[in-house]
1. Considering (1) of a type outside the set (A, V, I, L, M, F, W, C); (2) out of contact with any strand residue (DSSP E or B) (no Cβ under 8 Å at 6 or more places or on another chain); (3) surrounded by fewer than 16 Cβ atoms within 10 Å (Cβ to Cβ), say which one Thr92 fails and leave the rest.
2. If the requirement is being more than 15 Å from Pro19 (Cβ to Cβ), surrounded by 14 or more Cβ atoms within 10 Å (Cβ to Cβ) and either in contact (Cβ under 8 Å) with a residue 12 or more places away in the chain or in contact with a Lys or Arg (Cβ under 8 Å, 6 or more places away or on another chain) (or both), which of these qualifies: Asn101, Asn110?
3. Which residue out of Ile104, Ile88 is assigned to a helix (DSSP H, G or I) and not charged (D, E, K, R)?
4. I want to confirm something. Restricting to the stretch 40-63 and keeping residues that are exposed (fewer than 15 other Cβ atoms within 10 Å of the Cβ) and under 18 Å from Asn110 (Cβ atoms), which single residue is farthest from the chain's Cα centre (by Cα)?
Amino acid sequence: MDDLLTKKCVPCNSKDLRPMTEEAASKLIPKVDGWSLVNEGGTLKLKRSWKVKSFTKGLELFQLVSDIAESEGHHPDLHLVGWNNVTIEIWTHAVGGLTENDFILAAKMNVLDLQHLLRKKKDG
């Protein structure tokens, strides 16, 4: 994952930017722990979900993610369903699929300290 953390997202308007194959994405997915590779109607996306302590904690999580997204110039789809279910989808809309940018963004989100926002798992 370290190599993804040191990279910066490239502008999505590059003529050379193409969506990666499912095979290429399958090689990168182990580098972004907790994220799933999903195919929605032929579009590959990265997806991850969290249960947060409260509605406002979900909004705080979105703020932390938005800071990274803005600095990278690459923006995920953010979903807050119910009062505590957060799901984030990352894909490069401009190419209709996944690019290395998406894995870079996921890797940078993975190093955020979110524990103070998340519900504790019940033992047993």
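Each reported figure results from applying straightforward, stated rules to the coordinates on display, with no laboratory input. The shown structure was predicted, so the numbers you read here are calculated from the model rather than taken from an experiment. Quick reminder, even Gly has a Cβ in these numbers, built from the backbone with ideal geometry, and neighbours come from all protein chains shown.
1. (3)
2. Working: Asn101 fails: more than 15 Å from Pro19 (Cβ to Cβ).
Of Asn101, Asn110, the one residue that is more than 15 Å from Pro19 (Cβ to Cβ), surrounded by 14 or more Cβ atoms within 10 Å (Cβ to Cβ) and either in contact (Cβ under 8 Å) with a residue 12 or more places away in the chain or in contact with a Lys or Arg (Cβ under 8 Å, 6 or more places away or on another chain) (or both) is Asn110.
3. None of the other options fit; the residue is Ile104.
4. Gln63
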